[in-house]
Each structure stands twice: as C-alpha cells, then as structure tokens.
1. Would you check if there is a residue in segment 26-49 being open to solvent by less than 80 Å² (accessible area, probe 1.4 Å), in a helix (DSSP H, G or I) and free of Cβ contacts under 8 Å to residues at least 12 places away in the same chain?
2. Looking only at segment 83-93, filter to residues that are open to solvent by 70 Å² or more (accessible area, probe 1.4 Å) and at pLDDT below 85; which one of those is nearest to Gly161 (Cα to Cα)?
3. Just one of (1) of a type in the set (Ser, Thr, Tyr); (2) part of a strand (DSSP E or B); (3) within 19 Å of Ser87 (Cβ to Cβ) trips up Thr54, so point out which.
4. Can you tell me which residues in segment 57-79 are open to solvent by 80 Å² or more (accessible area, probe 1.4 Å) and closer than 22 Å to Glu93 by Cβ?
5. Determine whether segment 95-109 contains at least one residue that is open to solvent by 60 Å² or more (accessible area, probe 1.4 Å) and more than 30 Å from Phe129 (Cα to Cα).
6. Answer yes or no as to whether Lys114 is surrounded by fewer than 12 Cβ atoms within 10 Å (Cβ to Cβ) and out of contact with any Phe, Trp or Tyr (no Cβ under 8 Å at 6 or more places or on another chain).
7. Please find, within segment 1-25, the residue that is farthest from the chain's Cα centre (by Cα) out of those that are in contact (Cβ under 8 Å) with a residue 40 or more places away in the chain and open to solvent by 40 Å² or more (accessible area, probe 1.4 Å).
8. Does segment 138-159 hold any residues that are assigned to a loop (DSSP other than H, G, I, E, B) and open to solvent by less than 40 Å² (accessible area, probe 1.4 Å), and which are they?
Amino acid sequence: MQNKLTIGEMAKLRGVSVDTLRHYDKIGLLKPYDIDPVTGYRYYSISQYEVLGTIKELRRIGFSLEEIKDFLTNRNVKKSIHFLQQSMDKIQEKIRELQVIHTIMMNRLAHVEKFLESYKESDIVIKHFEEREYIQLARPVKWSDTEQAYFGFLELENRIGGTIPVLASNKFGDFVRREYFDLIRQSTDSSCRFDELEAQLFLLVQDEALEQPTQTIKRGLFVCSYHGGLTRENMLTQLKRLLEYCDAHGYVITGDAVRIMQVDISLTDQYEEAYYEIQIPILEKFD
C-alpha cells in the first residue's frame, strides 16, 4: 500500500498522542487502514489525515466521541448540514461562557488592585459599603479548627456553583462576634482561651442568581484594616488594633466584625501575601 503511515507518523502529523489513536481504534471511531498480520503494527492511509482532523476539531468544539462517531457514520449532505448547525450552536455557547469568565476575571482583577490601592496612605481606613448579600454556613466553626473551616468554605462554594469560584474570588469570609470584642481588647497574646471561640462562615453572592435564601450585611461605614498570612495570631493583632482605634476616636460599633479574604492563595505562593480585610461596622459621626 502506498502512502501508508505508521501510527506514530499519523499521531505526529495531527498533533495527537499514539494512545489517542489506539483508543479511537478500540471504540471504532477511526480504525487503521491496515494492520500487519505478523507484527500487529497499525497503518493509516493519507486520506485518513483529514478524518482525524475533523475528529480533532469537533472535539475542540465540544462534541462527544459518541456524537462524532455517529456523524462519521453514513454521512450525507443533509446530515452534515444539520451537524454543522449544531456545531455553530456549541461555538456560540462557548463564546458566551468565555465572555462571562472574561467579565468575572476583569472585575476580580480590578477589585484586587482597588483593595491594594486603598491602603497606600494608611493601614486603617474608613470605607463605605453598599448592602451585600451572602449565604451562611448553617453550623459555626471553632477558631482552632482550620480543617473544618476549609470544608465549610468548600461546602459554600459548591452551593453556588460559580463559573470560576476560587480564583481571586474575594467572597469568602467569616464574622467575628461582637461579644468577643472585650476579650480581644484585654488579650496580651493568642493563648488557648481563644480555641473555643466560634466563627460563622459566609460567602458573598452579589454576582450569582440563587434559588436559596440569602442574608444581608447592611450598608454603612466600616473601620477597616487588613492582615497578611493565614494565622489566627495575625488576625487577633490587627483586630485588637482596630478596636483600640475605634475606642480612641469615639466610634460606636454597631455589629459583628466582617473578615473577608481579599487576596487568596490562588494568587500567591507567599502566605504573608494572602490578605484578609477586617471590617468593623460603625455609626457615622456628625461633627
């Protein structure tokens, strides 16, 4: 047979793996033109080059191997036109998905840049936030139980099914109860007396359309700062500074502190660059 190609040559020409061609042979999608009865070597004809190219492009669009096999069986013009129409529908759907992802990524990039810019002049600032919706984990998690906190955030993430739920999401957080503030004010270290304190985990859902009930963080002013790293010691040190700042400037605290991961470990390998922002709600002062 002239113009026959070994399985390796065919794979190289079309940029697929030899294992892929073996799999296509096994499921009857693209069988070799010839198999040597002595050596068992597979050979392909040059005419199958275009067939393999069609398979590759249809897989890229999103068709399953079963759909492609059906298309390649007993083809005719009418069948091909219908299949091409389906292809266009799949391409349009992929375009819509990518546009959504692009918008999300642009918003998240802008948010991270804005967050870092907001602390250029001072590490304690007053910010105004509009009302924010969130879903909350039903059970509280002890401060000392890091593993359960991770499982809790994963559970919340799965409940919303976001397009790219983790990357730089700035949506994961927890509430630090106002009833703990006096204990934190009086603390001189991060001793084991904090181990039994509990956090309420939440996930902001301002971009998602949900069929489940949400709660809201009321709009208003917040005294804000941030801490790097994922340790409780860093959080307590900065939260204590914020409480002392509120006391020194006569701010009336109106609720639990909100702690949101603004730069997470999907963006950095350096734990000290993973930033939580602490937001304490206050009454507006009128001079």
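The values are calculated or read from the model by the stated rules, or taken from the named source; none is laboratory data. These numbers were taken from a predicted model, which means no experiment stands behind them. FYI the Cβ positions are ideal-geometry reconstructions off the backbone, even for glycines, and counts take in every protein chain you see. Side chains included, ligands, DNA and RNA excluded: accessible areas come from the protein's heavy atoms. Shrake-Rupley method; radii C 1.70, N 1.55, O 1.52, S 1.80 Å.
1. no
2. Here the answer is Gln86.
3. Only one criterion is unmet by Thr54, namely (2).
4. Glu57, Arg59, Arg60, Glu66, Asp70
5. Within segment 95-109, one or more residues are open to solvent by 60 Å² or more (accessible area, probe 1.4 Å) and more than 30 Å from Phe129 (Cα to Cα).
6. yes
7. Checked segment 1-25; the qualifying residue farthest from the chain's Cα centre (by Cα) is Met1.
8. The initial filter retains those residues of segment 138-159 that are assigned to a loop (DSSP other than H, G, I, E, B), namely 138-140, 143-145.
Trp143, the sole residue that qualifies.
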